[in-house]
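As structure tokens, the structure follows; a few thoughts come after it.
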Amino acid sequence: MPIYMDRHFVEGATAQALANAHTTDLQVQSRYGVRFLTYWFDEARSTAFCLVDSPDPAAIRQAHQEAHGQIPHEIIAVDPSVVEAFLGRVSDPIPQPADAPESGIDEAFRAVLFTDLKDSTLMTSTFGDARALHLLHVSNVLTRKALQEHHGREVKHTGDGIMASFVSVHDAVGCTVAIQQAFAEHRHRAPEDDLHTRIGLHAGEPIEEHGDLFGTVVQLAARLCAAAGPGEILVSETIQTTCHDPDVTFEDRGTVDLKGFLASTRVFAVDWTRPGVGDRG
């Protein structure tokens, strides 16, 4: 059967109330030929997302209606492998009885990061296949080490860089800084490589109105990456307003027009420099 993700607006609900609702869903699911696989709940944003194995959206609505009356506002078909790549799971992390503790269910809000290696398409013609492959490998190692240290989840390799997701905006911003610092340190150790990367970062919920899974979030993060210069980090206003790290400085770059977006987008650059790190004469 197809796999769907639905979205509910649940203003005033608590994590325990959502755990109870999920348990009730599990109790009625067989009557409608569906399987409620797991859910995510964001109390601050009053949104919940359910992952459901179902013959069609109508069966999901009917099961929710009988279970607790919370009819989803949006239902989209999703690829489970993509859900797992962004959100980290496609099943409940632990059994969820009605009296279960509130731990274990996270919110679905994610920060999405893109990196792009400068002049990667020219490396083969400039350095040859073996050297170009080596430089790409170095770039991957530097990026993946920072992802691991900052709890990032690699979604896919883009050929020129990496797309990754983060539960925490704080971790995501910290990772962008760590990546640029790692590249700067590598340039100091191996100036002949002259490796530079650009980074874009945005955050949001998995379903927009009539959209794909993280569709707009991914598109805007990619556009910010494309707009960044080598060695630069560009982030959205969403990132700037939700990152509360006092050690991070954001430079307001004003609004820019990005391909695929009708409205202008306010953009911020992250100052990743620290004493003793960066290009040295």
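Here the range 110-271 yields Rg over Rh of 0.97, to two decimals, using C-alpha coordinates and the Kirkwood radius. For the range 13-62, the equivalent ellipsoid derived from the alpha-carbon gyration tensor has semi-axes of 21, 12, 8 Å in decreasing order.
Between amide H atoms placed 1.01 Å from N, distances below 5 Å from residue 118 occur with 196, 197, 198, all of them 5 or more places distant or on a separate chain.
Taking only the C-alpha atoms of the range 1-100, the Rg (one decimal) and the largest Cα-Cα distance, Dmax (whole number), read 12.4, 33 Å. At an R0 of 25 angstrom, the distance between the Cβ atoms of residue 226 and residue 271 translates into a FRET efficiency of 0.75.
Amide H to amide H, with H built 1.01 Å from N, residue 74 comes under 5 Å of 7, counting only residues 5 or more places away or on other chains. Taking loop as defined by DSSP and a crowding limit of 10 other beta carbons within 10 Å, which trypsin sites (Lys or Arg not before Pro) in the range 223-261 fit? Answer in residue order: 259. Would you please state which residues of the range 174-197 a label at residue 137 would reach in this model, taking the label point 7 Å out along Cα→Cβ and a backbone N cut-off of under 16 Å? Only 193 fall inside the zone, counting backbone N under 16 Å. Within the chain, the proportion of Cα pairs with more than 23 Å between them is 57 percent. Residues whose amide H lies under 5 Å from that of residue 158, counting only those 5 or more places away or on a different chain, are 163; hydrogens are built 1.01 Å from N in the peptide plane.
Loop-located trypsin sites (Lys or Arg not before Pro) across the range 161-214 with a Cβ neighbour count of 15 or fewer within 10 Å are lacking, with loop assigned by DSSP. Among the GluC sites (Glu not before Pro) found in the range 151-231, those both in a DSSP coil and sparsely packed, with 16 or fewer other Cβ atoms within 10 Å of their Cβ, are 192, 208, 209. Of the complete DSSP H runs in the chain, those spanning 27 angstrom or more by Cα along the long axis with a mean Kyte-Doolittle score not below -0.5 are 129-149, 169-189. Between residue 252 and residue 14, full extension at 0.36 nm per residue minus the direct alpha carbon distance yields a gain of 82.1 nm.
Coordinate-derived values only; no laboratory data. The model shown is predicted, which means the values in this text are computed figures rather than measured ones. A quick note on method: Cβ atoms are made from the backbone with ideal geometry, for glycine too, and the neighbour counts reach across all protein chains shown.
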